[in-house]
């Protein structure tokens with residue numbers, strides 16, 4: 001008889017909650033949830049158009065992992081707001097499920113013998129990638145949305161390559177365990193306890209039923225969802241996001257009072273460079289270079305577009321009413337009747353996306369603007385005065401603020 | 001007399017399908033893993049392995065021990081069934097603290113304030129208030145249930 005004071009003994013684990021049914025329910029929720037996280041994550045990667053230009057590509061060594069990349073569309077205009085909102089908000093809401101699942105299987109970590117066969121040994125190594133990789137993905141994501149960049153390197157490659165490592169282990173785990181999980185959830189009959197079973201051989205008297213424990217896990221998810229989801233909407237809904245970043249009140253009042261990703265001061269914008277006297281937009285294309293003042297731009301046809309700002313961090317604004325010059329009209333100024341790709345450069349001194357590339361389909365969209373006004377007023381410095389790009393369905397960082405230069409033409 | 005070499009105990013291989021699946025998985029994980037480790041490989045490896053170890057050997061034992069202590073305390077008072085009234089608000093409050101720790105502790109407060117123009121100092125207060133509401137709500141439910149139970153129980157005086 002093994003010593004029940006040691007975690008290697010099944011008798012060490014006393015909770016009456018552990019068992020195949022409990023673990024299987026949590027596992028199936030994660031199967032669905034993590035699949036959605038992985039797909040929306042890949043979608044977000046595609047939304048950056050990393051294949052378009054090196055300035056958009058934070059992971060140039062991706063190799064085959066970018067096999068699925070496609071031209072990111074501009075419609076529906078709320079597409080990125082939806083996919084990235086789901087990615088981050090669902091990820092946060094799944095944390096209690098992940099923790100409960102790991103709790104429910106922790107006796108397996110200590111189970112002896114360490115390996116019953118070669119396949120079992122490999123499976124246990126794979127589980128290290130599954131648990132370590134999964135926690136790594138959730139941790140880097142949760143830290144990144146709180147702007148706490150303590151992880152070892154840039155977020156993009158860590159979270160992207162980490163996702164593939166995790167997903168490789170996740171696929172194997174799902175393939176090996178899903179059939180049994182489905183059987184466990186369907187099977188209403190309690191089977192006798194078997195060797196290696198998660199059920200304790202000497203359970204404590206229960207303080208809560210298994211269903212009650214699931215309600216607690218679900219309640220944790222609902223609490224996180226309820227205090228996070230509001231940050232994808234302006235106004236009173238945002239105030240319900242009590243603990244999430246970009247939740248609570250708006251940063252200011254009035255037309256330019258909506259959420260800001262990076263302020264002008266943080267981006268190192270010198271007010272001397274953005275004044276009417278100093279600032280010129282440099283547009284380069286097939287027929288040469290044109291320099292335009294803000295007054296020149298205002299003499300061009302102005303159009304309106306109601307579009308949101310949607311950040312990779314999972315927060316977004318409701319639609320804002322932007323007004324400015326169509327990007328395709330600026331392309332026409334330098335000799336392109338069919339607008340090509342464009343490289344947009346900002347006055348910003350530092351930051352990964354001070355230069356960003358937009359694809360021809362984004363430039364040609366009639367809603368894609370070089371905005372000069374928002375919600376009926378001139379842009380505020382923090383929203384990109386004197387001019388900023390706004391493109392439907394594009395991730396927030398591709399909507400370059402404080403635009404200084406547009407270079408139209410083939411980028412490769 | 002022939003001399004047979006002593007028979008070595010063979011390691012069982014296990015299901016070939018399982019082996020094949022795991023090999024595929026390792027190949028993909030290796031392909032991505034090389035890229036994941038392309039930068040500061042030691043730090044990244046420590047983060048991945050450390051995440052699993054910290055969770056399994058520190059976080060989980062800590063909250064499990066806290067829960068066991070809680071159950072024992074209630075059991076000692078002869079009221080084991082009341083433990084959920086503390087466990088639920090404590091677990092929910094702890095969960096919020098775990099997820100939003102950087103904001104609540106203010107570890108990136110300066111960057112948050114400068115980048116977003118939003119105040120970074122309200123998170124601790126809000127977390128404490130939510131915690132108070134959770135425990136308060138639990139206490140209210142407890143009192144209501146206790147009252148209903150005493151109402152329905154026939155009194156000894158009658």
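Observations on the structure shown:
- Helix axis angle, A:118-145 relative to chain A longest principal axis, alpha carbon, degrees: 40 degrees
- Efficiency of FRET from Cβ geometry, residue B:27 and residue A:191, R₀ 56 Å, rounded to 0.05: 0.95
- The mean number of partner chain beta-carbon atoms within 10 angstrom of a residue's beta-carbon across peptide A:330-338 is 0.
- Between residue A:377 and residue A:124, the contour length at 0.36 nm per residue exceeds the Cα-Cα span by 85.1 nm.
- Under the criterion of Cα pairs below 8 Å and six or more residues apart, the relative contact order for chain B equals 14 percent.
- The protein assembly as shown: antiparallel DSSP beta bridges as a percent of all, rounded to 5: 90 percent
- Sorting A:160, B:135 from the fewest to the most surrounding beta carbons within 10 angstrom yields B:135, A:160.
- Helix content alone sets the calculated 222 nm mean residue ellipticity of chain A: runs of n ≥ 4 DSSP H residues at -39500 (n - 2.57) each, divided across all residues, give -13500 deg cm²/dmol.
- In chain B, the DSSP-assigned H stretches of four residues or longer account for a calculated mean residue ellipticity at 222 nm of -23500 deg cm²/dmol, using -39500 (n - 2.57) per stretch and the full residue count as denominator.
- Whether the protein assembly as shown is rounded, prolate or oblate, judged on the alpha carbon gyration tensor where a/c under 1.5 counts as rounded: oblate
- Computed FRET value (nearest 0.05) for residue A:286 with residue B:34, which takes r as the C-beta separation and R₀ as 45 Å: 0.60
- Rounded tilt (10° steps) of A:79-110 against the dominant C-alpha axis of chain A: 20 degrees
- With Cα atoms, 0 to 90° folded angle of helix A:155-186 axis to chain A main axis: 40 degrees
- Counts of other chain beta carbons within 10 angstrom of each beta carbon in peptide B:97-105 average 6.
- Here each label is just a point 7 Å from Cα along the line to Cβ, and for residue B:105 and residue A:265 those points are 2.7 nm apart.
- Cβ neighbours within 10 Å from other chains - mean over B:65-72: 1
- Computed FRET value (nearest 0.05) for residue B:77 with residue A:5, which takes r as the C-beta separation and R₀ as 22 Å: 0.25
Read the figures in this text as sums done on the coordinates, not as results from a lab. From a predicted model like this one, the values you see are computed outputs, not experimental measurements. Glycine also receives a Cβ, built like all others from the backbone with ideal geometry; neighbour counts cover every protein chain displayed.
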